[in-house]
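**Student:** I have a structure I would like to understand better, so I am pasting it below and will then ask my questions one at a time.
The values are calculated or read from the model by the stated rules, or taken from the named source; none is laboratory data. All values derive from a computational prediction rather than experimental measurement. Reconstructed Cβ throughout: ideal geometry from the backbone, glycine too, with neighbour counts over all protein chains shown. Accessible surface areas use protein heavy atoms only, side chains included; no ligands, DNA or RNA. Shrake-Rupley method; radii C 1.70, N 1.55, O 1.52, S 1.80 Å.
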Amino acid sequence: MNLPYDDKTCGWYAALPPPRPVQSLRGEQIADYVVIGAGFAGLAAARRLAHHEPEARILLVDAQRVAEGASGRNSGFVIDLPHKFALEHPDPAHKQRLLGLNRAAIAQLQSLIDTHGIDCQWSHAGKYQGAVGERGLAYLAHFEKLLSDLGEPFHSVEGPALQSVLGTSHYRRAVFTPGCYLMQPAALVRGMGDSLPKNVELLENSPITRLERDGRGGHVLHGSAGRIRTRRLLLGTSIFTQEFGYLKNRLLPVMTFASWTAPLDDAQCQRYTGRFDWGLTPADHAGTTVRMTQDRRLIIRNTYKHVPKYGRSIDDAMRARIHADHRKAFLARYPDLADVPFTHTWGGVYAISRNFTNFFGQLEDGVFASACDNGVGAAWGTISGTLLADLAVGADSAQLRDIQAVTGMPSRNPPEPFLGLGVRSRIKLAAWNSRSEL
Ligand SMILES: Cc1cc2nc3c(=O)[nH]c(=O)nc-3n(C[C@H](O)[C@H](O)[C@H](O)COP(=O)(O)OP(=O)(O)OC[C@H]3O[C@@H](n4cnc5c(N)ncnc54)[C@H](O)[C@@H]3O)c2cc1C
């Protein structure tokens, strides 16, 4: 069974203080509920289960430390709008449901941050969607039409006004949408892990290597130093859900990568003419994401890889090439900051599906999962994890019906080697077509 294998070079994680001492799975355990995966989805699911059943024993188990997985190493956009393909969905009600769910997730995160004083650079900064070349401009025009159809507010920014925000003249135009929040993902996820309800026990560095039916309607989860028996299992394991034998050949493991600079010093800030605390995603999704953090770091994110062995599919030579590509994208935008070094480059794995459909629901008796978010999992993971707990305890709500209406079965992938060939050539073609936006 393939286990998570994330690099140890994530800047967001490195910027945190050392974590509290680890508790891991040991010996024979019995739990009312087990949640595997402590990313956005698993953390939200465990918290909600505790809300429904304050007397239940709930174990939240992760192979790594909290925030070492994708949820702690993303670009930190908590996006209210449906992603591109969902925004193109022909049914307006479908899109309104997605918007409502994402906004409920944002409200939930806001409330947790306020209640527990989580220090994570949380900010209602909105989001710029930026275009560099003709292709990007065409995508922006399409994006504006989709937003108008949806009745969502936005405004266009260009020329000196855009330059005064971004500190670069690299972009021709951007569309600003106000509903997005920015955050430090590792700080947010760590903060949520540190503030779990009392009846949730967090077990980290505890990979589950095998699931077995116990013959009495429950499951036994095997770890290296212990086992857990439970009748209710919730999987917040994203792409790794397929390693447990579920949704086999329906999910695609994809990696994307980010680099960030050292914090700009005062002299460099004199040369940087933009603002702090903004985020820009590319008009064409295969382009480059850029962020300037509250603590003066510039972040570059681009490049997609199909990774059948997850983190193990990436070698040092590939990492060096990605680092060089990030540097090129940085210098194209900020030639006057050529003396600012990158301090960290990292990657992360997530799940997409060929029909852009997310899975949410029951996999078999007593086993539930939210898996696959097509790369925008901060909001989606939060709300889908929450509602998965509702489903598992049998609680009904309008939101639960909404998420059931907008999710479905990811389509089946062709067998290897056709799958790998097809995905790799699609990624290459997208990168080539979007080269102006990289
Ligand atoms: C570089 C990058 C930038 C991104 N930018 C954004 C962004 O700005 N906004 C956004 O919304 N999304 C973004 N994403 C995507 C986002 O990070 C993911 O969609 C999201 O984190 C998925 O959350 P999750 O809880 O479903 O899964 P994950 O965060 O992947 O959590 C799954 C957990 O399961 C654990 N696990 C897996 N197998 C086992 C096992 N056998 N035993 C025990 N534990 C196991 C893993 O260790 C992991 O912690 C980005 C991703 C990357 C990599």
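**Student:** Can you compute log10 of I(q)/I(0) for the stretch 86-213 with the Debye formula, treating each Cα as one identical point scatterer, at q = 0.11 Å⁻¹?
**Tutor:** The Cα Debye sum returns log10 ratios of -0.61.
**Student:** Please compute the Kirkwood hydrodynamic radius over the stretch 339-438, one decimal place, Å, based on all pairs of different Cα atoms.
**Tutor:** 16.3 Å
**Student:** Give me the accessible area per residue for the stretch 68-164, probe 1.4 Å, as a whole number in Å².
**Tutor:** Result: 43 Å² per residue.
**Student:** Here's a follow-up. Taking 0.36 nm per residue of sequence separation and subtracting the Cα-Cα distance, how much length would be gained by fully extending the chain between ARG319 and GLU152, in nm to one decimal?
**Tutor:** 56.2 nm
**Student:** What angle, in degrees between 0 and 90 and rounded to the nearest 10, separates the Cα long axis of helix 316-333 from the longest principal axis of the Cα atoms of the chain?
**Tutor:** So the helix axis and the longest Cα principal axis differ by about 40 degrees.
**Student:** Pick from ASN358, ASN249, ASN302: which residue has the top mean-square fluctuation in a GNM of the chain where Cα pairs under 10 Å get a spring?
**Tutor:** In the Gaussian network model the winner is ASN249.
**Student:** Can you bin every Cα-Cα distance in the chain into 20 Å intervals starting at zero and give me the percent of pairs per bin, rounded to whole numbers?
**Tutor:** 26, 59, 14, 0
**Student:** Determine Rg/Rh for the stretch 1-107; Rg is computed over alpha-carbon atoms and Rh is the Kirkwood hydrodynamic estimate from the same atoms.
**Tutor:** My calculation puts Rg/Rh at 1.04.
**Student:** Determine how many Å³ per residue the convex hull of the Cα atoms of the stretch 162-232 encloses.
**Tutor:** Hull volume normalised by residue count: 225 Å³.
**Student:** If you don't mind, there's one more thing I want to ask. On a 0 to 90° scale, report how tilted helix 40-52 is relative to the longest principal axis of the chain, with both axes built from alpha carbons and the result rounded to the nearest 10.
**Tutor:** On a 0 to 90 degree scale, this one is about 50.
**Student:** How much FRET efficiency would the formula 1/(1 + (r/R0)^6) give for GLN23 and GLN404, where r is the Cβ-Cβ distance and R0 is 45 Å, rounded to 0.05?
**Tutor:** So the FRET efficiency works out to roughly 0.85.
**Student:** Percent of accessible area on the chain owned by carbon and sulfur, 1.4 Å probe?
**Tutor:** The computed percentage sits at 53.
**Student:** Report, to the nearest 10°, how far helix 418-433 tilts away from the longest principal axis of the Cα atoms in the chain, using its own Cα long axis and a range of 0 to 90°.
**Tutor:** 30 degrees
**Student:** Only Cα pairs within less than 10 Å get springs; with that Gaussian network setup on the chain, which residue of LEU101, LEU112, LEU388 has the largest fluctuation?
**Tutor:** Per the Cα network of the chain with a 10 Å cutoff, LEU112 tops the list.
**Student:** Compute the relative contact order of the stretch 332-421 as a whole-number percentage, counting only Cα pairs closer than 8 Å that sit 6 or more residues apart in sequence.
**Tutor:** Relative contact order comes out at 30 percent.
**Student:** Another one. For the pairs LYS248/LYS309; LYS84/LYS127; LYS95/LYS145; LYS8/LYS248, note any where the Cα-Cα span goes beyond 18 Å.
**Tutor:** Checking Cα-Cα distances, LYS8/LYS248 exceed 18 Å.
**Student:** Any chance you could run the full-extension gain for THR273 through SER436? It's 0.36 nm times the residue separation minus the Cα-Cα distance, nm to one decimal.
**Tutor:** 56.4 nm
**Student:** Over the Cα atoms of the stretch 251-299, what radius of gyration and what Dmax do you get, in Å?
**Tutor:** Rg, Dmax (Cα atoms, Å): 13.5, 47.
**Student:** While we're looking at this one, here's another question. Would any residue of the stretch 262-279 have its amide N under 20 Å from a label point 7 Å out along Cα→Cβ of ASP339? List them or say none.
**Tutor:** 262-274
**Student:** Give me log10 I(q)/I(0) at q = 0.19, 0.22, 0.29, 0.31 Å⁻¹ for the stretch 270-323, Debye formula, one equal scatterer per alpha-carbon, no solvent.
**Tutor:** -0.82, -0.92, -1.10, -1.15
**Student:** Looking only at MET183, MET255, MET318, which one moves most when the chain is put into a Gaussian network model with springs between Cα atoms under 10 Å?
**Tutor:** Highest fluctuation among the options: MET318.
**Student:** Can you pull the percent of Cα pairs in the stretch 211-254 with separation above 13 Å?
**Tutor:** So the portion of pairs separated by more than 13 Å is 61 percent.
**Student:** Fully extended, how many nm does the chain gain between SER224 and ASP266 (0.36 nm per residue separation, minus their Cα-Cα distance)?
**Tutor:** Contour length minus the Cα-Cα distance gives 10.2 nm.
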